[in-house]
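Here's the structure we're looking at; comments come further down.
The values are calculated or read from the model by the stated rules, or taken from the named source; none is laboratory data. Not measured: the values here are computed from a predicted model. Cβ placement follows ideal geometry from the backbone for every residue including glycine, while neighbour counts extend to all protein chains displayed. Only protein heavy atoms, including side chains, enter the accessible area calculation; ligands, DNA and RNA are left aside. Shrake-Rupley method; radii C 1.70, N 1.55, O 1.52, S 1.80 Å.
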Amino acid sequence: MGPHSTVTLLLAVFLAVLAFAGCMAVWNRIPGPGALRHIGRAGMIVCCQITALALVGLLINNARGFYGTWAEVSADFLGTSFDDGGGMQSTVGGGGGGKGAGMVGRGPLTQKHFKVDTGRKSMEAKFTGPASHVTGRVVIYLPPGYKQDATATYPVVQLFGGTPGEPTTWYGDLNVGNQLDRMIRDGKSKPFILVSASINVAGGKPNECTDIPGQVPVATWLTRDVRDFMYQNFRVKTDAASWATMGYSEGAYCAVKFPLQHPNLYKAGVGIAGTYESTNPSILHNPKLLKANAPYELLAKSPAVKMLLTTGGKDPEAPPAEIDKFLGHVRPPTEATKYTTKLGEHGTVVWRNMLPFIFGWLNKQVS
């Protein structure tokens, strides 16, 4: 019974109504001296506020898909470590073994155990990147047939989430693993490996997936440590033509930025419901940092990459005009395509329905 459960929502509605009705029923019936009655009434008001705020929070989370499990909420708000054991089991050797398994990249397996969620088609690990010294989570999808053919290597789509949020949102609310599974089995997509890593690793500071001096090197974590982790643990292709990015909301900024910034690492990028102008004061007030990281600045270099920008037709936070503005700055050999839905606002329900089109597009761009 997670945050998105219908039972959870109905329980929240019941408690909010019960708290309000109870407050109205006993407001003038609290016994005891005046001070005690005031304390009781204050307590009832607080109870009404808590239940109302909980209901509003659940409704917002259902619309935006920030958190998929209570463990994710705990990790962000209470500072606890994430350990969602529901439906998970341990497995050994995600890469499939030594030299005979067709490993690519440097060194031996660096991760021996993963938590596997068979329902969501995902496996998860936590590690510390040697280059960035960031400790974060990675959640991986392996395509059908990965374990059966120990010599095949696969293209990769690196996924970026929003803020707040967790890398598991891709596999929960967006159901990316099960959707891609069906497309591969139906012959509508080549087999990809997916990896979603934590992007909110800078202690709550907005970072736009950028190495900001004096702050956590988020970009190094995402483009170097996570990539090396995938090289070492899975049979992934290593050339830029076989790597793409995809992100929603704030993650769309990262997914568009990285191919423009590192065309030697990524051939294609997909931005879902994003905006692409830097708003971070630390970046805006540093001309060198802005030129090296902001998508509009990077477009001036016209790298040979392909972009797909999508949004819902009724999205107030990322309207279609944002894409039109971006397209106006694109110059060959950079290519960019626009895709919008007629309806839909800023939320995971809209983005989940876009995924078949997006993977169809990626299937043609990534080798």
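Points worth noting:
- Residue satisfying all of: in segment 31-48; modelled with pLDDT of 85 or more and touching a helix residue (DSSP H, G or I) at 6+ places or on another chain (Cβ under 9 Å); most open to solvent (accessible area, probe 1.4 Å) among these: Pro31
- Subset tally (residues that are touching a Ser or Thr at 6+ places or on another chain (Cβ under 9 Å) and at pLDDT below 90) for segment 154-203: 7
- Qualifying residues in segment 147-162 (those that are under 25 Å from Ala241 (Cα atoms) and open to solvent by less than 20 Å² (accessible area, probe 1.4 Å)) - the one farthest from the chain's Cα centre (by Cα): Tyr154
- Boolean, Ile283 is aliphatic (A, V, I, L, M), in a helix (DSSP H, G or I) and touching a residue at least 40 places away in the same chain (Cβ under 8 Å): yes
- Pick from segment 215-240, criterion part of a helix (DSSP H, G or I) and open to solvent by 30 Å² or more (accessible area, probe 1.4 Å), ranking: farthest from Met307 (Cα to Cα): Gln232
- Residue within segment 60-71 that is open to solvent by less than 40 Å² (accessible area, probe 1.4 Å), of a type in the set (A, V, I, L, M) and modelled with pLDDT under 85 present: yes
- Any pair with Cβ under 7 angstrom, 6 or more apart, that starts in segment 167-193 at a residue that is acidic (Asp, Glu) and ends at one that is assigned to a loop (DSSP other than H, G, I, E, B): Asp173/His4; Asp173/Gly65; Asp173/Gly68; Asp181/Lys121; Asp181/Pro144
- Residue match in segment 163-179 (condition: open to solvent by less than 10 Å² (accessible area, probe 1.4 Å), in contact with a Pro (Cβ under 9 Å, 6 or more places away or on another chain) and under 25 Å from Leu265 (Cα atoms)): no
- Single unsatisfied condition, Gln232 versus (1) under 20 Å from Leu142 (Cβ atoms); (2) modelled with pLDDT of 95 or more: (2)
- Whether a residue is modelled with pLDDT under 95, of a type outside the set (Gly, Ala, Ser) and farther than 27 Å from His346 by Cβ was assessed, and Thr151 passes this test.
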